[in-house]
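Peer 1: Would you mind keeping the following structure in view while I ask a few things?
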Amino acid sequence: MKQFAELVVKVADLVEAEGRSLLQTVRGESRSAREYVATMGVALACLITGTCVLIGGCALIGVAAFLWIAQYWGSAAAAGVCGAGFLLLGGIGVWIFQARAKA
């Protein structure tokens, strides 16, 4: 009976030690997960801001190109040339993305 009681006490000590180890591991992992989520949040905010600024810059370049071409060829031709130029740039961007996504 004494050996059985000692076995139960040792098993209880082992469970307690494993529980403490698990708790420390979970705390460490949650800390690293919070740091990762914070880093990704900042990166996502920078990506969204950069995309908005890039779109605005492209729009301004498009307006400037339209106004410059419209002086020489008229509004309809300027709209066609600017539209074709932006379609070409967009197609090149998609093509580069597709080529890199496969690699």
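Nothing in this text is a laboratory measurement; each read-out follows from the coordinates by a stated rule. These numbers were taken from a predicted model, which means no experiment stands behind them. In this analysis, Cβ positions are derived from the backbone assuming ideal geometry, glycine residues included, and neighbour counts consider all displayed protein chains.
Peer 1: Exactly one of (1) of a type in the set (A, V, I, L, M, F, W, C); (2) in contact with a helix residue (DSSP H, G or I) (Cβ under 8 Å, 6 or more places away or on another chain); (3) exposed (fewer than 10 other Cβ atoms within 10 Å of the Cβ) is unmet by ALA101. Its number?
Peer 2: The failed condition is (2).
Peer 1: Scan region 74-91 and report the pairs whose first residue is farther than 13 Å from ALA64 by Cα and whose second residue is of a type in the set (Lys, Arg) and loosely packed, with under 11 Cβ neighbours inside 10 Å, with Cβ atoms within less than 8 Å and a gap of 6+ or a chain change.
Peer 2: Final answer for the pair search is none.
Peer 1: Hey, another quick one. Would you check if ALA84 is in contact with a helix residue (DSSP H, G or I) (Cβ under 7 Å, 6 or more places away or on another chain), assigned to a helix (DSSP H, G or I) and among the hydrophobic types (A, V, I, L, M, F, W, C)?
Peer 2: Answer is no for this residue.
Peer 1: So for region 34-56 (the condition being touching a residue at least 12 places away in the same chain (Cβ under 8 Å), assigned to a helix (DSSP H, G or I) and surrounded by 10 or more Cβ atoms within 10 Å (Cβ to Cβ)), does at least one residue qualify?
Peer 2: No; the residues of region 34-56 include none that is touching a residue at least 12 places away in the same chain (Cβ under 8 Å), assigned to a helix (DSSP H, G or I) and surrounded by 10 or more Cβ atoms within 10 Å (Cβ to Cβ).
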